[in-house]
Amino acid sequence: MTPALGIIEGFFGRPWSWAERADAVRFLRPHGYSFYLYAPKADPWLRRRWQEPHPPAEMDKLAEFRDICRSQNVRFGIGLTPFELHLHGGRGWQEALAAKLAQLASLKLDDLAILFDDMRGDVPELAERQAAIVHYAAERGVAGRILSCPSYYSDDPILDVAFGQRPAFYLEQLGRLLDPAVQLFWTGPEVGSREYSPGHLARVAGQMGRRPMLWDNYPVNDGARMSQHLHLRGVTGRPAAIGPHIAGHGVNPASQPLLSRIPLLTLAESYRTGESYDYLAAFGRAAREILGEELALRLTKDILTLQDRGLDRLGGRKAALQARYAAFDHPAAREICLWLEGYWTVGEDLVLTQ
């Protein structure tokens, strides 16, 4: 069973351009990717400055991209983060949220996600407050499907370190309070999970009261640590057997739109081929499709350096790699050169302000 596959543009740092988004939709749709959630952390009107209306020029771009998605039979959605709204109990928040939702309603969205990720969560009645916000958004009729990301979207204890200790039975309470039609994102055992198992997902579904919608943080490479690496290898730990246990599989891609396509194609192949999936062979096929024979061969030889060593540990190899990939007249090779120049490096200060 292949679940609905999609892109969740939800990373920190430099977002993709509108042309890159459009190209990704057109390329990935034939490979089974049928939804796109626009939620870059760098869009201030969806996160830090969510109470301000999107400027008209930005709304025009969103509408144009929506039309491109529709032309490809791809669901178009927006992820809104009403930043820290859940920290304030009582009333008084509805007016600002209603104004924002009214503007987004003009886009005639297929999907609206209300996101509570990557901000403080150790407050009283967290599940109750968040359920009220999600239901308020759902009642406005902005989109045909409503999704939400919990504050604690993984079992990973790093979330408790970064955003405060999660309330006891938070996931169970949120699942009980939310309308069953609302889908809930989940990144797995870890923020960047190495694998998903049917047993893990069945347990989470029991806590949520619904099958989780995966927010898969591979091949994303944002943040101070991950932006030092290119995530290129074929996916592992995502067996086709998890399909019946999830509502869909959304992928948070890397900052590099073309290079992201290599692991994205292997995920589709993993579901399609099931137990016969061979991640090394899948990587080779995907790399050749995206890069062509010569560049794919070169990348295969350098993958240990590009994915594992890290930009900050290349030393004298950096200049040699830059010269090597500058010799290729290919946009993916230019992505590697830009990465080597630090174009996509994300510092902790940026994560704290986006």
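Only residues that are surrounded by fewer than 18 Cβ atoms within 10 Å (Cβ to Cβ) and of a type in the set (Gly, Ala, Ser) were counted across the stretch 10-21, and they come to 2.
Of these, Phe35, Phe76, Phe11, which one is touching a Cys at 6+ places or on another chain (Cβ under 6 Å), in contact (Cβ under 8 Å) with a residue 12 or more places away in the chain and not polar (S, T, N, Q)?
Matching residue, one of Phe35, Phe76, Phe11: Phe76.
With Asp155, Asp122 as the choices, which residue is modelled with pLDDT of 95 or more and of a type in the set (Asp, Glu)?
Values: Asp122 fails: modelled with pLDDT of 95 or more.
Going through Asp155, Asp122 in turn, just one is modelled with pLDDT of 95 or more and of a type in the set (Asp, Glu): Asp155.
Please enumerate the residues belonging to the stretch 225-247 that are small (Gly, Ala, Ser) and either assigned to a loop (DSSP other than H, G, I, E, B) or buried (at least 20 other Cβ atoms within 10 Å of the Cβ) (or both). Ser227, Gly234, Gly237, Ala247 - these are the residues of the stretch 225-247 that are small (Gly, Ala, Ser) and either assigned to a loop (DSSP other than H, G, I, E, B) or buried (at least 20 other Cβ atoms within 10 Å of the Cβ) (or both).
Every residue, every condition in (1) in contact (Cβ under 8 Å) with a residue 12 or more places away in the chain; (2) part of a loop (DSSP other than H, G, I, E, B); (3) over 19 Å from the mean Cα position of the chain (by Cα); (4) closer than 30 Å to Arg313 by Cβ, yes or no:
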position	(1), (2), (3), (4)
Gln173	yes, no, yes, no
Phe185	yes, no, no, no
Gly192	yes, yes, no, yes
Leu201	yes, no, no, no
Leu214	yes, no, no, no
Gly250	yes, no, no, no
Leu265	yes, no, no, yes
Glu269	yes, no, yes, no
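Filtering the stretch 203-212 to residues that are of a type outside the set (D, E, K, R), under 20 Å from the mean Cα position of the chain (by Cα) and part of a loop (DSSP other than H, G, I, E, B) leaves only Pro212.
Arg66 fulfils the conditions (1) under 17 Å from the mean Cα position of the chain (by Cα); (2) within 18 Å of Leu107 (Cβ to Cβ); (3) crowded, with 18+ Cβ neighbours inside 10 Å except for a single criterion, (1).
The values are calculated or read from the model by the stated rules, or taken from the named source; none is laboratory data. Keep in mind that what you see is a predicted model, and the values were worked out from it rather than measured. Positions of Cβ are backbone-derived with ideal geometry, glycine not excepted, and every protein chain shown enters the neighbour counts.
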